[in-house]
Amino acid sequence: MAGGGNNVARMSPRQRMINLMYIVLTAMLALNVSSDVLNGFNQVHDGIQQTNSNITSRNGVQFSHLQSLYEQNPEKTEKWYKAGLELHSRSDAMYTAIEDLKSEIAKAADGKNGDYNNLINNDDLEASSVTMLNPATNKGANLRKQLNSYSDYVSTLITDSTKRASVRQMLSTKVNNKKGTVGETTWEQLMFENMPAVAAVTLLTKVQNDIRQAESEALSNLITSVDIGDVRVNELNAYVIPHSNMVMRGGKYSANIVLAAIDTTKRPDIFVNGSRLNNPKGLYEFVAGSVGNHEYSGYIEVARGDGSIDRRPFKSSYTVMEPMATISPTMMNVLYAGIANPISISVPGVPMEKVQAAMTNGSLVRSGDHWVAHPGKVGSEAEISVSATIDGGTQKVGSMKFRVRKLPDPSPYLAIKDGNGNTVHYKGAPKRISKGALMESSGLGAAIDDDILNVTYSVVSFSTVFLDQMGNAIPELSDGAKFSSRQKEQFRRLKAGKKFFINNVKAKGPDGITRDISPMEVALN
C-alpha cells in the first residue's frame, strides 16, 4: 500500500493482476477448513448412511411382522396395526423432509446439480446457513418444531419409561446456553450456523438415524403389545440396537442385542463373533480401537416349547472416527501481534463447556462460545491445541499452527460526508471531493479497513504541501491529527480543480508502534 493512490495509477496491468490474485488467495485462506476434518465428516456420513439403510430395512421387517399379525387376526390387532401405520407414515415423512433439506444444502453449495453424497464444495460455510437459517423460509426452525412434535408423538407409543426417556433425549432440540453468552442460541443456529456443507449434511443424516432408531423402539413396543403366543416360534428375529453408531477412538461403543417379542421368563443365549455374551440384558460394550467402518456378527439361541433350540443370526456395523476439532481464525489464517484475534473452536459432538484449548507463543482466553488469541513474538509460529472431556476422560482432539505477523501499515483518509449525509473515507486522487467537504473535515485519520482487518490507528502528525502560482512548495504542519489554522486558511484559498499533498504522516497502531505511512494527494472538483 506504500505510495498511496499515485502508485495504483502507475502500476502495470500485470502488477495489478498479481495484487488481485493475492487478495483472492488471502480470502480463500481466511475460509480454510482442514481437509482432514472434511474427510472425517465424509467417513462419518457414509457410516451413518449405511446404518440408516440397515435400520430402515430392520424397521420394514418389524412392520411386515405387525402387518402379518393383523392379517391373521384383524379384530385383535387392529389397534396396534393402525398405530403402526401412522408411525410408519410419520417417520417416513420426517425422513423424506430431511432428505430434501440435505439436497437443498448440496445445491446451495454446488449448484442445481449438487449431490450431497458427492459434495464438491464440502467446505462451503454458507450453504447450510442460507438453506436452514433464512428468515424468509425458517426451514431450520420448522425442522426443530417437527422434531419436537415427532418426539412427543413417538414417546406415547413406548411404554417402558427408561426407553421413552432415552428416545426423548435422543430427539431433544433443547440448547443449554452457556454463561456469558449474549442472547439465546437456538438448536438450528447451533446445528447450521457457519457449518461446512459436509458437516451440516452429516448432522442431518444423524437426525435421520435418530428418527429411525425411535421408530424401531416404537415398533418393537407395538409388537410386544400384541399377544403373539400362537406365532412366537415362527416370528423370532434378532436385532442389534446400538446406543450410538458414531464412536471416537478411545470412546465406548454400546449396543443392546435383543430378540423381538422375547419371552422375559426365558432369557436367550447371545454369541458375538463366536464368544458368549455374559450380560443377561444383552448389553454389548467394548472400547473402540482403529478408525473406520467395522462389522460384527453372531447369533441368539432360544429354547422352543418342545425343548429344541432355535438359532437366529444377526449382523451390525459401527463407525469409529478420529478425535477431531475444528479450529478457524475469525479474521484470517494468520494471527496479528498487538491486537485481539477472534478464534472459533469447536469439537463435533462435544458440548462447548467440555472443550479446552491452549496456545504457544501467546495467550488464549475463552470469551463466551469463542476464544481470543493474543500472539507474542512476530515471525514465529503459534500453535493452538484443543482437548475435550469425553466419557469422563480428557483427550487431545486436534491442533493447528498459525503464523504471527505484525500489523500492516494503514492508509490515511479524510472523513467526509457523501451526498446522502453518510460519513465515508476519502483516500485521495484520482477521486475528487468538493471544497465544502474538505472544509468540513476536521483532520486526518488512518486505518486498515479492507474487510479482512478492521483496525483503527491514531494519527500523531502530518504535513500538507501546497503549490503557489510560481510552483513553489509551501509546507504546513498539522496540529496532531487535526488540521492547523494555517492549513485551514490554505484550504480557503484553494480554487476549483486544484490539488495539494498530505505527507510525513505518522500513525500509532494498537500494537504501540508509531510508523510512517504512505502520503495521499487531495484533488478538488
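The values are calculated or read from the model by the stated rules, or taken from the named source; none is laboratory data. All of these numbers come straight from a predicted model, not from anything done at the bench. Ideal geometry is used to build each Cβ from the backbone, glycine not excepted, and the neighbour counts take in all protein chains shown. Quick note on the areas: whole protein, heavy atoms, side chains included, nothing else; ligands and nucleic acids left out. Shrake-Rupley method; radii C 1.70, N 1.55, O 1.52, S 1.80 Å.
For THR162, the conditions (1) at pLDDT 90 or above; (2) among the polar types (S, T, N, Q); (3) farther than 15 Å from ALA218 by Cα all hold with the exception of (3).
For segment 285-331, the set of residues classified as over 40 Å from the mean Cα position of the chain (by Cα) and either among the β-branched types (Val, Ile, Thr) or modelled with pLDDT of 80 or more (or both) consists of TYR299, ILE300, GLU301, VAL302, ILE309, ARG311, ARG312, PRO313, listed by residue number.
Of the residues making up segment 381-405, those that are open to solvent by 50 Å² or more (accessible area, probe 1.4 Å) and either out of contact with any strand residue (DSSP E or B) (no Cβ under 7 Å at 6 or more places or on another chain) or under 19 Å from VAL287 (Cβ atoms) (or both) number 4. Can you say whether ASN176 is touching an Asp or Glu at 6+ places or on another chain (Cβ under 9 Å), over 19 Å from ASN52 (Cα atoms) and surrounded by fewer than 17 Cβ atoms within 10 Å (Cβ to Cβ), as far as the supplied structure shows? Judged against the criteria, ASN176 is a match. Of the strands (runs of 3 or more DSSP E) lying entirely inside segment 427-500, those containing at least 1 residues that are among the acidic types (Asp, Glu) and either closer than 20 Å to ILE513 by Cβ or in contact with an Asp or Glu (Cβ under 8 Å, 6 or more places away or on another chain) (or both) span 444-449. Within segment 150-163, is there a residue that is without any contact (Cβ under 8 Å) to a residue 60 or more places away in the chain, crowded, with 16+ Cβ neighbours inside 10 Å, within 20 Å of GLU193 (Cα to Cα) and not aromatic (Phe, Trp, Tyr)? No, segment 150-163 contains no residue that is without any contact (Cβ under 8 Å) to a residue 60 or more places away in the chain, crowded, with 16+ Cβ neighbours inside 10 Å, within 20 Å of GLU193 (Cα to Cα) and not aromatic (Phe, Trp, Tyr).
Can you pull out every residue in segment 509-525 that is in a strand (DSSP E or B) and surrounded by fewer than 15 Cβ atoms within 10 Å (Cβ to Cβ)?
Initial filter on segment 509-525 (in a strand (DSSP E or B)): 514-517, 520-524.
Selection gives THR514, ASP516.
Tell me the residue from LEU125, LEU143 that is closer than 17 Å to ILE211 by Cβ and either in contact (Cβ under 8 Å) with a residue 60 or more places away in the chain or surrounded by 15 or more Cβ atoms within 10 Å (Cβ to Cβ) (or both), please. Please lay out each step first, then the result.
Values: LEU125 fails: closer than 17 Å to ILE211 by Cβ.
Just a single option satisfies the conditions, and that option is LEU143.
Residues that are under 27 Å from PHE314 (Cβ atoms), at pLDDT 90 or above and in contact with a Leu (Cβ under 7 Å, 6 or more places away or on another chain): does segment 95-109 have at least one? There is no residue in segment 95-109 that is under 27 Å from PHE314 (Cβ atoms), at pLDDT 90 or above and in contact with a Leu (Cβ under 7 Å, 6 or more places away or on another chain). Residues in segment 406-417 that are in a loop (DSSP other than H, G, I, E, B) and open to solvent by less than 20 Å² (accessible area, probe 1.4 Å): LEU407, PRO410.
Right, THR96: open to solvent by 30 Å² or more (accessible area, probe 1.4 Å), β-branched (Val, Ile, Thr) and within 27 Å of ARG168 (Cβ to Cβ) or not?
Values: open to solvent by 30 Å² or more (accessible area, probe 1.4 Å): yes; β-branched (Val, Ile, Thr): yes; within 27 Å of ARG168 (Cβ to Cβ): yes.
Yes; evaluated as a whole, the condition is true for this residue.
Taken together, the residues in segment 341-352 that are at pLDDT 85 or above and either within 19 Å of MET195 (Cα to Cα) or open to solvent by 50 Å² or more (accessible area, probe 1.4 Å) (or both) amount to 4.
Here PHE500, PHE483 are screened, and the one residue that is at pLDDT 90 or above, in contact with a Ser or Thr (Cβ under 8 Å, 6 or more places away or on another chain) and farther than 27 Å from LEU407 by Cβ is PHE500.
With respect to (1) of a type outside the set (Phe, Trp, Tyr); (2) in contact with a strand residue (DSSP E or B) (Cβ under 7 Å, 6 or more places away or on another chain); (3) surrounded by fewer than 15 Cβ atoms within 10 Å (Cβ to Cβ); (4) under 30 Å from ARG492 (Cα atoms), the lone exception for ASN420 is condition (2).
Taking the listed residues LEU87, LEU133, LEU101, LEU69, the one that is within 29 Å of ALA199 (Cβ to Cβ), touching a residue at least 60 places away in the same chain (Cβ under 8 Å), in contact with a helix residue (DSSP H, G or I) (Cβ under 8 Å, 6 or more places away or on another chain) and open to solvent by less than 30 Å² (accessible area, probe 1.4 Å) is LEU101, with no other qualifying.
Applying the criterion of being in a loop (DSSP other than H, G, I, E, B) and touching a residue at least 60 places away in the same chain (Cβ under 8 Å) to the residues of segment 353-379, the residue that is surrounded by the most Cβ atoms within 10 Å (Cβ to Cβ) is ASP369.
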